[in-house]
Amino acid sequence: MLEGIATGAENVVGFRFDGEMTAGDYDGTLIPALEDAKRSQPVLRILFHIVNFHGWKSHGYWERLKDWPGMEKVDRIAIVGGEKWEEWMNHLPGLFVGFTGIDVRYFTEGHLDGAIGWLREPIPAEPEMR
């Protein structure tokens, strides 16, 4: 199950992920929330708070996210999870590698506030062209 969570910043889209992502989660929750933010924000940041992680299926919805047309606006993704998530990341270190040009950071359970703080940091100004 995937549900939106408040982050306190318009450009930070947050999700609580529990279990396994379904088509309904992807098409009914994840993508509509990202599309809404994409329309109003020049840069997006995404938070995934993962609880009760049960595994990952190759060629699933996580991989489809890489092909979402709005990914070019995403500059940071924070993933917060517990021990099971950390265990899976040791086996699947490339899960978020395909997000080219995006700073992806992992935070352990209990560090949700730190992840949100990192995502809410000011967006650096573009250097001026001369």
Checking Pro127, Pro122 in turn, the sole residue that is exposed (fewer than 12 other Cβ atoms within 10 Å of the Cβ) and modelled with pLDDT of 75 or more turns out to be Pro122
Taking the stretch 33-54 and keeping residues in a helix (DSSP H, G or I) and either crowded, with 18+ Cβ neighbours inside 10 Å or under 16 Å from the mean Cα position of the chain (by Cα) (or both) leaves Ala33, Leu34, Glu35, Asp36, Ala37, Lys38
Looking at this structure, is Arg16 open to solvent by less than 30 Å² (accessible area, probe 1.4 Å) and part of a strand (DSSP E or B)? no
Suppose the filter is among the β-branched types (Val, Ile, Thr), surrounded by 12 or more Cβ atoms within 10 Å (Cβ to Cβ), under 10 Å from the mean Cα position of the chain (by Cα) and modelled with pLDDT under 95; does Val74 pass it? yes
Can you tell me which residue among Leu30, Leu2 is modelled with pLDDT of 85 or more, more than 19 Å from Ile123 (Cβ to Cβ), crowded, with 19+ Cβ neighbours inside 10 Å and in contact with a Ser or Thr (Cβ under 7 Å, 6 or more places away or on another chain)? Leu2
Checking the structure you have, find out if any residue of the stretch 57-64 is of a type in the set (Phe, Trp, Tyr), out of contact with any helix residue (DSSP H, G or I) (no Cβ under 8 Å at 6 or more places or on another chain) and modelled with pLDDT under 90. yes
It is to be established whether one or more residues within the stretch 87-99 are of a type outside the set (A, V, I, L, M), open to solvent by 90 Å² or more (accessible area, probe 1.4 Å) and modelled with pLDDT of 60 or more. no
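The values are calculated or read from the model by the stated rules, or taken from the named source; none is laboratory data. These numbers come from a predicted model, not from an experiment. Methodologically, a virtual Cβ is constructed for each residue, glycine included, from the backbone with ideal geometry; neighbour enumeration extends over all protein chains shown. For the accessible areas, the whole protein counts, side chains as well, though only heavy atoms, and no ligand, DNA or RNA atoms are used. Shrake-Rupley method; radii C 1.70, N 1.55, O 1.52, S 1.80 Å.
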